[in-house]
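Any read-out appearing in this document is the output of simple, stated calculations on the displayed coordinates, not a laboratory observation. The structure presented is a predicted model; accordingly, all values stated were derived computationally and were not measured. We place every Cβ from the backbone using ideal geometry, glycine too, and count neighbours over all the protein chains shown.
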Amino acid sequence: MIQLYHVHKRYTNGTDALVDVTLRVREGEFVFLTGPSGAGKSTLLRLLMVMERATDGQILIGGRNIHVLRDASIPFLRRNIGMVFQDFRLIPRRTVYENVAIALEIMGLGPKEIERRVTQLLDGLRMMHRAQAFPGDLSAGEQQRVAIARALVNEPAILLADEPTGNLDPELGHDILQLLIDVGRRGTTVLVATHDHGLVERYGMRTLVLGRGQLLEDRPRQLGARITAETGLNPLAVALTESRQHAPDAPVELDIPDEVVP
Amino acid sequence: MKHGARPDYVLRQAWLLLRGSPWLAGVSALTIALALTLVGLFASVMFNAGHLMHELGQSLTLSVYLHDTASAEEVTAVRQKLEAHAGIKKVRALTREQDRDRNKRLLSPELLQGLDEASIPGQPVLEVDIDAELASRGDVDALVKWTGALRGVQSVEDVEFGAEKLRLLFAMVEIARTIGIVLSGVLLASAMFFVFSTVRLAVFSRRDEIEIQTLVGATPGFVRLPFLVEGALQGLAGAAIAATLLGLLHLELRGLVRDVYMLNVSWSLLPPGMIAWLVIGGPAVGLAASALSVGRYLKV
């Protein structure tokens, strides 16, 4: 699903954020991206979201070379990639419901379809009772749940999370990570950037270790890795299963038009 | 795949943007209203002046006074020359006696008392009804030039034509038009500046929202549209105020012309379709100003 070949990113100030990174993440895989601050984790995620362009190398997402993607096609690529940030990035003037619905509004869906999908997802995340609250009225854990809901509501093929537990206490962090693992279990490719080694060790999932912009280690998923939730019992998993338009096991095709009128 | 936003969503977001800075938005709408009212007023003045010119052109008369000594052939030659000219409706030839009779009818009996018949002025004259299209001062000038040429004809003594008053009227209309264009231009530019500033403020205050929208896959059009509609709504509000003001003013003026000045004006005092043009023009001005602001400050 995600392939990087000899990717290099140099900023205008001469800093090399990524150096000759080659990696591959399969469809439906859950991967931790770890390393100290400044290792290049966030840069890698920003390249995948085409918030920045690589200086050199090739990046393929769902088989599409995003290195040569036209600017007009970027929005359509992003509709296939959900992103969760450490600082949640919720719109303070909009309610929880509206914050989640925005990802569907941009696709021009009708109000009924938007209501169905948002309600289902908020229900699954146990956030429906706060649907009309504003982000400022929510706890950090609740805000991150809303951010995850927004990232998932249009059923992306890929979910990227940049330090999603960074602003949460360990208990809440565990809850959020469990949520992301559940998302992965439903067939979404999940890439979680974190500098929290303890967290990474605890789950034993495949881990890519970055250091000074280089890929230092690619640890495979450990046998008996902790996956606690059962698909059929977890409310989020149920919500995702019911809202999904395609079968979880079907190969994912990115919905990016070849020719886009800007 | 759908790319665009739903109209109800765009309108709701535009309304929320307006509510974000209601005072500035109100000032923008009022400035647009003022500018459009002025444009409407000057358009009305031009329209009515045009009507007046047309009416005047239709009722213009020209008196070509001939020498007493002019022979019948010379009178016929001048008459044919006049009739051959475009825009001449009718030419009537009056003999000296007929002209004297006409003058007697025009003068008051008190003035005529004690005067003998020979003292009453009278000379051969050709009375010409002109049906001229007077759309500009150039048309009047052309008419004056032609009548001036008539003076050079040997049998013609004098030509009487009240063109100077027409020229004055045209000059006043032209001055009014220039003032109107300059004032309306200045006011429209101010209105656009206010809309430009309102939209710029809205863009700055929504930077976080714009960033999030682009991250979840919004197209540049989706992000920009509410800001453009915000400008257009300010223009629409201004146009609605201007249309109401001009409508009320029209009713007042019409009453004044009919009841106070006792004039029966056959045409409407407002140009046809002007209100419709204002309703289109207002949002167009708002849209243009917001497009400039969005183009400059909203980089997606």
Cα centroids of the range B:188-221 and the range B:92-123: how far apart, whole angstrom?
-> 80 Å
Estimated [θ] at 222 nm from DSSP helical runs (n ≥ 4, -39500 (n - 2.57)) normalised by residues in chain B, nearest 500 | -23500 deg cm²/dmol
For chain B, modelled as a GNM with alpha-carbon contacts under 10 angstrom, which of B:87, B:238, B:57 fluctuates the most?
-> B:87
The range B:61-162: Rg/Rh from Cα coordinates, Kirkwood Rh?
-> 1.03
Arrange the peptides A:81-90, A:207-216, A:10-19 so that the one whose residues have, on average, the most other Cβ atoms within 10 Å appears first.
-> A:81-90, A:207-216, A:10-19
Kindly rank B:97-106, A:23-32 from highest to lowest mean number of other beta carbons found within 10 Å of each residue.
-> A:23-32, B:97-106
Summarise the partner chain shielding of A:47-53 as one whole number: the mean count of Cβ atoms from other chains within 10 Å of each residue's Cβ.
-> 1
Go ahead and run the numbers for FRET between residue B:251 and residue B:155, Cβ-Cβ distance against an R0 of 35 Å, rounding to 0.05.
-> 0.05
Convert each backbone phi in the range A:138-144 into a coupling constant with the Karplus relation 6.51 cos²θ - 1.76 cosθ + 1.60 (shift: θ = phi - 60°), then list the ³J(HN,Hα) values in order as whole Hz, x for Gly and Pro.
-> 9, 6, 4, x, 5, 4, 5
Relative to the Cα centre, what is the charge dipole magnitude of the protein assembly as shown, using +1 at the beta carbon of each Lys and Arg, -1 at the beta carbon of each Asp and Glu, and rounding to the nearest 20 debye?
-> 1560 debye
For residue A:18, distant residues with modelled amide H under 5 Å away = A:9
Cα convex hull volume per residue for the protein assembly as shown, in Å³, equals 217 Å³
At 27 Å minimum axial length over the Cα atoms and a Kyte-Doolittle cut of 1.0, report the qualifying DSSP H helices in chain B, or say none.
-> B:22-58, B:163-205, B:220-255, B:274-297
Which far-off residues, 5 or more places away or on another chain, put their amide H under 5 Å from the one on residue A:210, with H placed in the peptide plane?
-> A:34, A:35, A:216
Magnitude of the Cβ-charge dipole (Lys and Arg +1, Asp and Glu -1) of the range B:61-162 about the Cα centre, nearest 20 debye, reported as 200 debye
What nm distance separates the two modelled labels at residue B:58 and residue B:171, each placed 7 Å from Cα along Cα→Cβ?
-> 2.8 nm
Averaged over residues of A:102-113, the number of beta carbons from other chains lying within 10 Å of each residue's Cβ is 5
Per the charge dipole of the range B:61-162 (beta-carbon charges, Lys/Arg positive, Asp/Glu negative, Cα centre), the residue among B:71, B:140, B:126 reaching farthest to the positive end is B:140
Sorted by Cβ density within 10 Å, fewest first, the residues B:28, B:293 | B:293, B:28
Using θ = phi - 60° and the Karplus form 6.51 cos²θ - 1.76 cosθ + 1.60, what ³J(HN,Hα) does each residue of the range A:67-74 get, whole Hz, x for Gly and Pro?
-> 5, 10, 5, 6, 3, 5, 8, 4
Output ordering of A:94-106, B:242-254 (per-residue mean of other Cβ within 10 Å, highest first) is A:94-106, B:242-254
Computed ³J(HN,Hα) along the range A:96-109: with the Karplus parameters 6.51/-1.76/1.60, θ = phi - 60°, integer Hz and x for glycine or proline, the list is 4, 4, 5, 4, 6, 5, 4, 5, 9, 4, 5, 8, x, 6
Hey, got the average number of other protein chain Cβ atoms within 10 angstrom for residues in B:4-10?
-> 3
Average Cα contact separation per residue, the range B:61-162, under 8 Å, 6 or more apart, as relative contact order % | 48 percent
Amide H neighbours of residue B:60 under 5 Å, at least 5 residues apart or on other chains, H built in the peptide plane: list them.
-> B:130, B:132
